[in-house]
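> Please see the structure below; I have some questions.
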Amino acid sequence: MRVAALRCFFCSAEYPPGLLYFCERCGGTLEARGKWDAAALKDAVAGANRCGDRRGAWRYREMLPVSDRADPVTMGEGGTPLLRAGRLAETLGHDRVYLKNETVNPTLSFKDRPMSVAATKAVGSGLAGIVAASTGNTGVSAAAYAAKAGLPCSIYVPAGTPSEKTRLIEIYGAKIERVAGNFSDAWRRALEDARREGLFNVTSTYLNPYACEGDKTVAYEIFADLGEVPDWVAIPVGAGPLLWYCLKGFRELVEAGIADRLPRMAAVQAEGCAPIAKAWEAGADEVEPWGEPATAAGGIADPLAGYPRDGTRTLRAVRESGGVALRIPERDIPEYVALLARTEAVCAEPASAIAVAAARKLRESGRLRPGETFVAVITGHGVKDLDAAVSHPHLPHGPSAPAGR
Ligand SMILES: [Zn+2]
């Protein structure tokens, strides 16, 4: 995609493509807009691959915001399996359940898709390095892709971040900057540093309009593997750019005449940090920041303090698709981690496993009807958060599936 402009999501102001993260008029987050070739998307979906033997996310290069000359910084991200989850489906009481297994990406989460785009963009634009605020998957992925690109990388983490999480980031050679306060303080420091030093800020809220485009490839792949648009796609959300950009991906498939409808999007949050679900339940137009997160789902524990409009952007995508925003009780989270591992042998982090819980909730409310297709995006591997997965008291050990409720 040749990026022609960065457009504000909230007020539609347009800016020339450059190193801009916020609308100068209203402070809103941006979206990369540009021309792309529908025939190339069609070829990529069909597997024709007229541009050679590209694999994974870069098979959809036409749709990514990089120049034709750019040499992708890639480690084989994307191209992840869409698994038919038969044993899990039996337990959930719904027969067409699929898992988009993002845990098999190079650094074990979907973040490798946007980070591959970000690193490619940073190299192509001659930027001096990469910064991000993160305590988890984003930091690890950014550090890895910076290493692959040969760029310096700094990751801002809240001072209280446990060393298990920072160790992986350091293995890839990134510099850890510990910031007094919480994630929002780290978020601000990364922003200041990027501005001062002219670095690429890849913090994985809606901040970086180029990196986020990489998330669309999840939608293309689901469609290509399923051969149709699923009825429901459930995605665990913190700020929620993966959900928004997945919907954008499906919308592009419709625009290209390849698909004929959009899926309904389910935004899944944990009860201990659920600003978007709370706004959805209240019928509110705007998402309010959450207080202090208290959840086992660390990967999506984002209170949106300082950038609640990120949540509003996600809420609007949910509504546009005719979907829902759900919150899953904290006490149920370990059950879903164990259920996924014991029925489908997918080891997911708690934040990812709750995507599966949406199937049960949607069935109970009658929104997911018999025969409809449900896809849960399993965003990250459980190995980074194993404590949550073991010692769940309500489940038998061994190969048999626990009974549904
Ligand atoms: Zn604006």
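> Looking only at the range 68-79, decide whether some residue is within 11 Å of the ligand (Cβ to nearest atom), modelled with pLDDT of 95 or more and open to solvent by 60 Å² or more (accessible area, probe 1.4 Å).
no
> Those residues that are open to solvent by less than 10 Å² (accessible area, probe 1.4 Å), hydroxyl-bearing (Ser, Thr, Tyr) and modelled with pLDDT under 95, I need them from the range 131-155; list them, please.
Ser134, Thr138
Let's see how each residue does on (1) assigned by TED's automatic domain parsing to the domain that holds Val356; (2) open to solvent by less than 10 Å² (accessible area, probe 1.4 Å); (3) not hydroxyl-bearing (Ser, Thr, Tyr):
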position: Arg188; (1), (2), (3): no, no, yes
position: Arg196; (1), (2), (3): no, no, yes
position: Leu199; (1), (2), (3): no, no, yes
position: Ala219; (1), (2), (3): yes, yes, yes
position: Phe223; (1), (2), (3): yes, no, yes
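> Are any residues in the range 98-118 closer than 16 Å to Asp225 by Cβ, touching a helix residue (DSSP H, G or I) at 6+ places or on another chain (Cβ under 8 Å) and surrounded by fewer than 24 Cβ atoms within 10 Å (Cβ to Cβ), and if so, which ones?
Tyr98
> Moving on. For the range 277-295, give me the residue count where each residue is acidic (Asp, Glu), farther than 16 Å from Gly322 by Cα and out of contact with any helix residue (DSSP H, G or I) (no Cβ under 6 Å at 6 or more places or on another chain).
Counting residues in the range 277-295 that are acidic (Asp, Glu), farther than 16 Å from Gly322 by Cα and out of contact with any helix residue (DSSP H, G or I) (no Cβ under 6 Å at 6 or more places or on another chain) gives 2.
> Could you check how many residues of the range 18-60 are more than 14 Å from the ligand (Cβ to nearest atom), assigned to a strand (DSSP E or B) and buried (at least 17 other Cβ atoms within 10 Å of the Cβ)?
1
> Just to be sure, is Gly291 more than 23 Å from Gly249 (Cβ to Cβ), free of Cβ contacts under 8 Å to residues at least 60 places away in the same chain and assigned by TED's automatic domain parsing to the domain that holds Pro230?
In short, yes.
> Out of everything in the range 7-17 that is open to solvent by 30 Å² or more (accessible area, probe 1.4 Å) and part of a loop (DSSP other than H, G, I, E, B), what residue ends up being nearest to the ligand (Cβ to nearest atom)?
Step by step, filter the range 7-17, then rank; the result is Cys11.
Yes/no per residue for (1) closer than 29 Å to Lys216 by Cα; (2) at pLDDT 95 or above; (3) under 17 Å from the mean Cα position of the chain (by Cα):
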residue	(1), (2), (3)
Asp302	yes, no, yes
Leu326	yes, yes, yes
Ala353	yes, yes, yes
Arg369	yes, yes, no
Ala376	yes, yes, yes
Thr379	yes, yes, yes
Pro402	no, no, no
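> So, one more: If a residue counts only when it is open to solvent by less than 40 Å² (accessible area, probe 1.4 Å), on the phi > 0 side of the Ramachandran plot and of a type in the set (S, T, N, Q), which helices (runs of 4 or more DSSP H) contained entirely in the range 267-384 have at least 2 such residues?
So the answer is none; nothing clears 2.
> Sticking with this one: Output the qualifying pairs, or none if there are none: Cβ atoms under 6 angstrom, residues six or more apart or on different chains, first residue in the range 88-110 and at positive phi, second residue buried (at least 21 other Cβ atoms within 10 Å of the Cβ).
Leu108/His381
The values are calculated or read from the model by the stated rules, or taken from the named source; none is laboratory data. All values reported here derive from a predicted model rather than from experimental measurement. In this analysis, Cβ positions are derived from the backbone assuming ideal geometry, glycine residues included, and neighbour counts consider all displayed protein chains. These accessible areas exclude ligands, DNA and RNA; they are computed on the full protein's heavy atoms, side chains included. Shrake-Rupley method; radii C 1.70, N 1.55, O 1.52, S 1.80 Å.
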